[in-house]
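*Asks:* I have a structure I would like to understand better, so I am pasting it below and will then ask my questions one at a time.
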Amino acid sequence: MINTKSLEGSQMLEINFGPQHPSTHGVFRMNVFLEGEKICALKPVMGYLHRNHELIAENLPYAAVMAYTDRLDYFNSMANNFGYALAVEKLADIEAPERAAYLRVIMAELARIVNHLMLIGFLLNDLGAFFTPVLYAFREREKILDIFEEVSGSRMMCNYFRFGGVKRDVSAETLAAIKKIVAGFPAFLEEFEALLTENEILCMRCQNVGVLPADLAVNAGITGPVLRASGVNYDLRKVDAYGLYDRFDFKVPLGKKGDVYDRYYVRVLEMRESLKILEQALAKIPQGDILNKKALPFLKAPRNFKPAVGEAYGRIESPKGELGYYLVSDGTPQPWRYHVRAPSLINLTVLEDMCVGQKVADAIIILGSIDIVLGETDR
Amino acid sequence: MTLFGTGVLKGLIVTLKNFATSYFRKPDNGGIFTVQYPEERAKEIESFRNFPFLVYDGTPEKIRCVACGICERECPPKCIHIVMETEAGTGKPAKRPAVFEIDYGLCMNCGMCEDVCPFDSIYMDHAFEVTASDRTQELVRPKETLLKSNDYFLKIRPGTATPVDQKRRAAEEKKKTAQAAATPPKTNP
Amino acid sequence: MDLSVETVKKELETKVPGLKLRKVRDSLLIEDAKDLTRVASFLKTSPAFRLDYLSSVTGSDYLTYLESVYHLYSIEKKHGPVVLRVRAPKTTVPIPINCSTAAMGAVPATVPQQKIIAGTAKIPSLVPVYRSAELQEREVYDMFGIIFEGHPDLRRIFMWEGFEGYPLRKDYEQEDTEVLEAADIAWLDARHIAVPNELKEKAKELQAAGKRAVARKPEKPRIA
């Protein structure tokens, strides 16, 4: 905390970034204390998009909350659905049938690709490479969003997962279309990397900026690509092996220094690994049911779904980090307690540590490289 | 160490190539994929869901909705309002809605009403050009504007509507044969 | 390593002296909240556990007491979770007003420095052990009013400064969406929407009593 009294007479300047600043990715606000161009202290201020998601959910039946989880991290509603479905399935002891589990993995990985594409695009926007990389990313994202619309009915607010399965089966044509996208994607990534990875301006702006040491990252509960860019090997897809992730062969890309450049590059590599998972999943997906028979009656009557008294914590590797859902059931149709462990919020813990000592322009790309979505931060 | 500036040059070649090829490549392969709305329209995807509408068979009087109120109760943002009609003479509840309103300003397009409806009556529409100059009045849609024919439903979402039609026809025939068998009149479960 | 509740309980009771633990579902309840920091530092440093990653901190309201739940995992050993919970009765305690301005050192002497808030609870903060508790404990404070002693910067995070009440508490007065108020009925009438008579009467009663429609609260805990 800054003691303003001690600043009297100094050359320190307090600047308010946001909440309407275009580079804060929404309505995020940073109170930045500057000495010249150098950042001395930084305080994140959030809550501008707060709608008390948890209170809304505690007054609704379990099934109705699924639609609200879409609105947490609106860039990858599929991942949010996945986490919530997993937590409720743990609570009520339901399992998704094989085909549904494959579909879940496919959708979650497509969502990861979409998310990383958007992150890299907007990170470059923050760097000043105005809209060329974003629009290249948009072009590819559009194809995946078309798939999402085809399977779920909506491009962004998918609401596709159900407890014990998924909402709708995917036709062979759609699977073929996904295969086509997966097959064509490496060529795009090559092009995207040729545009960016070796670009001297990008390297100079990103390398050795916003370094996050591994021990601090672990202690501060940082997860996802930000943690892995610091060289810590922790990916819930490997550790928890939820869903069907133990059946696929993929690597966990790690960074060395933990600077902005590593965070950028880890995401590029993660997209390549996602493509590997997608290829395997698309080759292996079996025919069969898409919904567990136990869960079928609750589709028409959501209020009959009353899990036994107990609690569950379901977590998944969302593209932004560990997304956890903590549920306490008291045997009624509404959860007694519903909590979202939002990676976007907790990854902001170290924002000040990364920014102090850097130039003010770097604060923007450091924030960009953490990858927050305010729908999830503020909830 | 490569020569300083080669990375930037490489990037510039990529943008130049994209600029040139965008003119003759196909839209899904790196060409210009922007659709000039409203003159042009993007391909409609069948499963697309926007706001709910009510289905009727043949004429608007033959509304499928029986005003049971399940969608009203299950709607997460509570945007549906239903009042059941009463028979003019007896005052008994008629299985028809007198009032059926959906507040489009509140609706969040989740599709829950479609999922829970036991009478195949409410479905998600494709119409997305819903504008109004008044948030409170024009966006509260009454029954008259929500009602759309089954033919329209078959046109926009044949994949969902055809099995529903088959199911309903089979149920009707079953009912007819049951009645024809002259057994004591069964009530519809 | 086996991380079942029984083994962790046995291990903790032998290694941390004077500790009282109780099994609650799949978690360990620390009877005396003051022991929380000791337990957490032991679990973090002990070579058998090495639970170096605090995944989630969250509160719950069980009407008579408030609870804080911790999910611990190990990144080094890739195991977990060990779930800890701490309970604190709802008591009336004074808390500093507007912590941030106080910390800014710019509070005029005339402003009362403390305010009595009913039904708050005190639990030691885990920030000295795990930095990841920093924003999460602020969130729990904001939503439940649990005061985390030793937190470096405990103030509201999502709600604005000066907001009264704690929204996720079960006793937080929330508007009842099933009951209409006089203003709602006037609004509906103006739009020629039929409102059932019983709702109109209820609204009249509410208006006469000068009350707002508040959602019904659970009277006793449905779960412990």
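*Asks:* Please count how many residues of region A:148-160 are more than 9 Å from every other protein chain (Cβ to nearest Cβ) and crowded, with 22+ Cβ neighbours inside 10 Å.
*Replies:* 3
*Asks:* Quick test of your reading of the structure: B:Arg49 fulfils all but one of (1) farther than 30 Å from B:Glu114 by Cα; (2) within 9 Å of chain A (Cβ to nearest Cβ); (3) of a type in the set (D, E, K, R). Name the failing condition by number.
*Replies:* Unmet for B:Arg49, out of (1) farther than 30 Å from B:Glu114 by Cα; (2) within 9 Å of chain A (Cβ to nearest Cβ); (3) of a type in the set (D, E, K, R): (1).
*Asks:* Sticking with this one: Which members of region C:117-151 meet the condition of being touching a residue at least 24 places away in the same chain (Cβ under 8 Å) and assigned to a loop (DSSP other than H, G, I, E, B)?
*Replies:* Hits for region C:117-151 are C:Ser125, C:Leu126, C:Val127, C:Pro128, C:Val129, C:Tyr130, C:Ser132, C:Gly145, C:Gly150, C:His151.
*Asks:* Here's something else I'd like to know. Evaluate region B:148-171: report whether one residue or more is assigned to a loop (DSSP other than H, G, I, E, B) and in contact with a Pro (Cβ under 9 Å, 6 or more places away or on another chain).
*Replies:* For region B:148-171, residues assigned to a loop (DSSP other than H, G, I, E, B) and in contact with a Pro (Cβ under 9 Å, 6 or more places away or on another chain): absent.
*Asks:* Restricting the search to region A:22-52, which residues are facing another protein chain (nearest Cβ under 9 Å), farther than 23 Å from A:Asn115 by Cβ and in a loop (DSSP other than H, G, I, E, B)?
*Replies:* A:Gly47, A:Asn52
*Asks:* Quick one: which residue in A:Glu190, A:Glu198 is surrounded by fewer than 22 Cβ atoms within 10 Å (Cβ to Cβ) and assigned to a helix (DSSP H, G or I)? So that I can check it myself, show each step before the final result.
*Replies:* Working: A:Glu198 fails: assigned to a helix (DSSP H, G or I).
Result: A:Glu190 is the single residue among A:Glu190, A:Glu198 that is surrounded by fewer than 22 Cβ atoms within 10 Å (Cβ to Cβ) and assigned to a helix (DSSP H, G or I).
*Asks:* If B:Glu40 meets every condition in (1) away from chain A (no Cβ under 14 Å); (2) surrounded by 14 or more Cβ atoms within 10 Å (Cβ to Cβ) apart from one, which number is that one?
*Replies:* (2)
*Asks:* Given (1) within 19 Å of the chain's Cα centre (by Cα); (2) within 16 Å of A:Tyr160 (Cβ to Cβ); (3) within 14 Å of chain B (Cβ to nearest Cβ), where does A:Val114 come up short, assuming only one miss?
*Replies:* Result: A:Val114 passes all but (3).
*Asks:* Only one of (1) of a type in the set (A, V, I, L, M, F, W, C); (2) more than 14 Å from chain C (Cβ to nearest Cβ); (3) surrounded by 18 or more Cβ atoms within 10 Å (Cβ to Cβ) fails for A:Ala217. Which number is that?
*Replies:* (2)
*Asks:* Taking region A:352-379 as the region of interest, how many residues are assigned to a helix (DSSP H, G or I) and either over 17 Å from the mean Cα position of the chain (by Cα) or among the small types (Gly, Ala, Ser) (or both)? Explain how you work it out, then say what you get.
*Replies:* Initial filter on region A:352-379 (assigned to a helix (DSSP H, G or I)): A:352-355, A:360-370, A:374-378.
Still in the list and also either over 17 Å from the mean Cα position of the chain (by Cα) or among the small types (Gly, Ala, Ser) (or both): A:352-355, A:360-365, A:368-369, A:375.
Residues flagged as assigned to a helix (DSSP H, G or I) and either over 17 Å from the mean Cα position of the chain (by Cα) or among the small types (Gly, Ala, Ser) (or both) within region A:352-379 amount to 13.
*Asks:* Can you confirm whether A:Gly258 is farther than 30 Å from A:Ala183 by Cβ and assigned to a loop (DSSP other than H, G, I, E, B)? Let's see the steps before the verdict.
*Replies:* Working: farther than 30 Å from A:Ala183 by Cβ: yes; assigned to a loop (DSSP other than H, G, I, E, B): yes.
Judged against the criteria, A:Gly258 is a match.
*Asks:* Okay, moving on. Would region A:322-335 turn up any residue that is more than 13 Å from chain C (Cβ to nearest Cβ) and either assigned to a strand (DSSP E or B) or in contact (Cβ under 8 Å) with a residue 24 or more places away in the chain (or both)? Quick ask: steps written out before the conclusion?
*Replies:* Quick first cut of region A:322-335, residues more than 13 Å from chain C (Cβ to nearest Cβ) only: none.
No - not one qualifying residue is present in region A:322-335.
*Asks:* Taking only region C:5-51 into account, find how many residues are within 23 Å of the chain's Cα centre (by Cα), more than 18 Å from A:Val218 (Cα to Cα) and either within 14 Å of chain A (Cβ to nearest Cβ) or among the aromatic types (Phe, Trp, Tyr) (or both).
*Replies:* Adding up the residues that qualify gives 7.
*Asks:* Further question on the same structure: Before we move on, is A:Ile181 within 12 Å of another protein chain (Cβ to nearest Cβ) and part of a helix (DSSP H, G or I)?
*Replies:* Working: within 12 Å of another protein chain (Cβ to nearest Cβ): yes; part of a helix (DSSP H, G or I): yes.
Against the criterion (within 12 Å of another protein chain (Cβ to nearest Cβ) and part of a helix (DSSP H, G or I)), A:Ile181 qualifies.
*Asks:* Continuing with this model, one more query. Right, B:Ile32: assigned to a loop (DSSP other than H, G, I, E, B) and either more than 30 Å from B:Ala161 (Cβ to Cβ) or of a type outside the set (Val, Ile, Thr) (or both) or not?
*Replies:* Yes.
*Asks:* Quick check on region B:113-123. Is at least one of its residues modelled with pLDDT of 85 or more, surrounded by 15 or more Cβ atoms within 10 Å (Cβ to Cβ), among the polar types (S, T, N, Q) and under 21 Å from A:Ala301 (Cα atoms)?
*Replies:* yes
*Asks:* If you go through region B:5-19 one residue at a time, do you hit one that is under 32 Å from the mean Cα position of the chain (by Cα), of a type in the set (A, V, I, L, M) and more than 10 Å from every other protein chain (Cβ to nearest Cβ)? Lay out the reasoning, then the answer.
*Replies:* Going through region B:5-19, the residues under 32 Å from the mean Cα position of the chain (by Cα) turn out to be none.
The answer is no, given that none of the residues of region B:5-19 is under 32 Å from the mean Cα position of the chain (by Cα), of a type in the set (A, V, I, L, M) and more than 10 Å from every other protein chain (Cβ to nearest Cβ).
*Asks:* Working only within region C:27-50, note down all residues that are under 17 Å from C:Ser74 (Cβ atoms) and not aliphatic (A, V, I, L, M).
*Replies:* Within region C:27-50, the first condition is being under 17 Å from C:Ser74 (Cβ atoms), and the residues that meet it are C:27-28, C:39-50.
Listed by number, the residues that qualify are C:Ser27, C:Ser41, C:Phe42, C:Lys44, C:Thr45, C:Ser46, C:Pro47, C:Phe49, C:Arg50.
*Asks:* If only one of B:Ile70, B:Ile82 is among the aliphatic types (A, V, I, L, M), surrounded by 14 or more Cβ atoms within 10 Å (Cβ to Cβ) and touching a residue at least 40 places away in the same chain (Cβ under 8 Å), which one is it? So that I can check it myself, show each step before the final result.
*Replies:* On the way: B:Ile82 fails: touching a residue at least 40 places away in the same chain (Cβ under 8 Å).
None of the other options fit; the residue is B:Ile70.
*Asks:* So, one more: Is there any pair with a first residue in region B:127-138 that is within 14 Å of chain C (Cβ to nearest Cβ) and a second that is in a loop (DSSP other than H, G, I, E, B) and of a type in the set (Asp, Glu) whose Cβ atoms are under 6 Å apart and which are 6 or more apart or on different chains, and what are they?
*Replies:* Final answer for the pair search is B:Ala132/B:Glu138.
*Asks:* Moving on to the next point. Residue by residue through region A:107-158, note down the ones that are small (Gly, Ala, Ser) and part of a loop (DSSP other than H, G, I, E, B). So that I can check it myself, show each step before the final result.
*Replies:* From region A:107-158, those small (Gly, Ala, Ser) are A:108, A:111, A:121, A:128-129, A:137, A:152-154; that's our starting set.
Residues satisfying the conditions are A:Gly128, A:Ala129, A:Gly153, A:Ser154.
*Asks:* Let me ask another. Do we have A:Val360 as surrounded by fewer than 24 Cβ atoms within 10 Å (Cβ to Cβ) and at pLDDT 85 or above here?
*Replies:* Details: surrounded by fewer than 24 Cβ atoms within 10 Å (Cβ to Cβ): yes; at pLDDT 85 or above: yes.
Against the criterion (surrounded by fewer than 24 Cβ atoms within 10 Å (Cβ to Cβ) and at pLDDT 85 or above), A:Val360 qualifies.
*Asks:* While we're here: Return a yes/no flag: does region A:300-315 have any residue that is in contact (Cβ under 8 Å) with a residue 60 or more places away in the chain, within 12 Å of chain C (Cβ to nearest Cβ) and closer than 18 Å to A:Arg71 by Cα.
*Replies:* Of all residues in region A:300-315, those in contact (Cβ under 8 Å) with a residue 60 or more places away in the chain come to A:302-303, A:305, A:307-308, A:310-315.
Right, trim to within 12 Å of chain C (Cβ to nearest Cβ) and you get A:307-308, A:310-315.
Checking the rest, the ones that are also closer than 18 Å to A:Arg71 by Cα come to A:315.
Looking through region A:300-315, at least one residue is in contact (Cβ under 8 Å) with a residue 60 or more places away in the chain, within 12 Å of chain C (Cβ to nearest Cβ) and closer than 18 Å to A:Arg71 by Cα.
*Asks:* crowded, with 20+ Cβ neighbours inside 10 Å and within 14 Å of chain B (Cβ to nearest Cβ): is that true of A:Leu55 in this structure? I'd like the intermediate steps shown before the answer.
*Replies:* Working: crowded, with 20+ Cβ neighbours inside 10 Å: no; within 14 Å of chain B (Cβ to nearest Cβ): yes.
So A:Leu55 does not fit the description; no.
*Asks:* Please verify whether region B:124-137 includes one or more residues that are surrounded by 17 or more Cβ atoms within 10 Å (Cβ to Cβ), modelled with pLDDT under 85 and not charged (D, E, K, R).
*Replies:* Within region B:124-137, not a single residue is surrounded by 17 or more Cβ atoms within 10 Å (Cβ to Cβ), modelled with pLDDT under 85 and not charged (D, E, K, R).
*Asks:* Can you tell me how many residues in region C:19-64 are in contact (Cβ under 8 Å) with a residue 12 or more places away in the chain, in contact with a helix residue (DSSP H, G or I) (Cβ under 9 Å, 6 or more places away or on another chain) and in a loop (DSSP other than H, G, I, E, B)?
*Replies:* Result for region C:19-64: 9.
*Asks:* Would you call A:Thr69 among the polar types (S, T, N, Q), over 20 Å from the mean Cα position of the chain (by Cα), within 12 Å of chain B (Cβ to nearest Cβ) and within 30 Å of A:Leu351 (Cβ to Cβ)?
*Replies:* Details: among the polar types (S, T, N, Q): yes; over 20 Å from the mean Cα position of the chain (by Cα): no; within 12 Å of chain B (Cβ to nearest Cβ): yes; within 30 Å of A:Leu351 (Cβ to Cβ): yes.
So A:Thr69 does not fit the description; no.
The values are calculated or read from the model by the stated rules, or taken from the named source; none is laboratory data. Quantities reported herein were computed from a predicted structural model and do not represent experimental measurements. Positions of Cβ are generated from backbone atoms using ideal geometry, with glycine treated the same way; all protein chains shown enter the neighbour counts.
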